[in-house]
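Notes to accompany the following structure.
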Amino acid sequence: GSKSRPVNGQECPGQKWMYVSQTIPIPVENATPLDLSSLFNANCAKDFDDDGKEYAAELLPAAGLRRLGSDQVPFNFPGNQPDKNNCVLAAGQQFKLPANVNGDTLYLLGACAKGNHKTRIGFQLTNGRTDFRPFELNDWNGKNHANDEIGLDFEYRQTPAGRNFIPTKMWIVQ
């Protein structure tokens with residue numbers, strides 16, 4: 001056979017198509033997991049959605065450092081103690097980054113209840129100005145925002161009636 005080429009100047013003689021079958025993730029290097037324990041004000045294994053549904057405590061990670069996602073982002077986990085808070089329910093809290101932390105990417109591990117949300121996070125700069133950046137966060141039971149990556153995936157959630165085999169997730173957002 002033969003191929004016909006456009007003669008109207010729209011041809012692209014250097015173009016070549018490739019099919020990529022595999023991507024190789026590159027781990028995040030020199031990342032500093034932040035200690036947010038002073039901001040913990042909720043327990044994700046206690047009524048996460050305000051309707052009695054929650055992450056199953058027995059499925060939560062043990063205390064310590066874990067690397068999550070294709071970029072192997074390090075996160076510190078507090079473990080799960082029944083009567084201790086283990087997460088931050090975002091409500092306008094502020095925290096300072098340690099003085100020795102440098103970087104240009106902030107990774108968050110989180111989830112929403114009752115739908116996906118678009119929100120903003122503010123960064124107070126050294127000149128006193130606050131720079132707000134938008135981000136989208138998926139619901140713990142679904143995925144709509146393509147930029148969120150699964151950080152933790154659980155096979156069920158807990159309800160007042162017992163285990164409910166609806167998968168739940170915590171998402172990595174940057």
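The values are calculated or read from the model by the stated rules, or taken from the named source; none is laboratory data. No experiment lies behind these values; they were computed from the predicted model shown. Quick reminder, even Gly has a Cβ in these numbers, built from the backbone with ideal geometry, and neighbours come from all protein chains shown. Just so you know, the surface numbers come from the protein's heavy atoms only, side chains and all, with ligands and any DNA or RNA stripped out. Shrake-Rupley method; radii C 1.70, N 1.55, O 1.52, S 1.80 Å.
What is the antiparallel percent of DSSP beta bridges lying wholly in the chain, to the nearest 5? The antiparallel proportion sits near 95 percent. Between R133 and E29, the distance separating the two model label sites (each 7 Å from Cα on the Cα→Cβ line) works out to 2.1 nm.
One decimal place: the segment N85-D50 gains 11.0 nm when fully extended, by the rule 0.36 nm per residue minus the C-alpha distance. The amide H of I121, built 1.01 Å from its N in the peptide plane, has R133, F135 as neighbours under 5 Å, considering only residues 5 or more places off or on other chains. As a length-normalised measure over Cα pairs under 8 Å and 6 or more apart, the relative contact order of the chain settles at 19 percent.
May I ask for the net charge around Q72, where only other residues with Cβ less than 10 Å from the Cβ of Q72 are counted and Lys, Arg are +1 while Asp, Glu are -1? Combined, the nearby Lys, Arg, Asp and Glu give 0. Of the solvent-accessible surface of the chain, computed with a 1.4 Å probe and all protein chains present, 50% belongs to carbon and sulfur. Computed from the Cβ-Cβ distance with R0 of 41 Å, the FRET efficiency linking F123 to I166 stands at 0.70. Of the labelled figures (i) 46, 18, 13; (ii) 30, 19, 16; (iii) 38, 24, 17, only one reflects semi-axes √(5λ) of the Cα gyration tensor in Å as derived from the coordinates, namely (iii). Rolling a 1.4 Å probe across the protein heavy atoms gives the chain an accessible surface of 73 Å² per residue. If the chain linking A146 and A57 were pulled fully straight, counting 0.36 nm for each residue of separation and taking away their Cα-Cα distance, it would gain 29.3 nm. Anisotropy class assigned to the range 90-174 is prolate, per the alpha carbon gyration tensor with a/c at or over the 1.5 cut-off and a/b larger than b/c.
Prolate is the label for the range 121-164. Its Cα gyration tensor axes, ordered a ≥ b ≥ c, give a/c of at least 1.5 and a/b above b/c.
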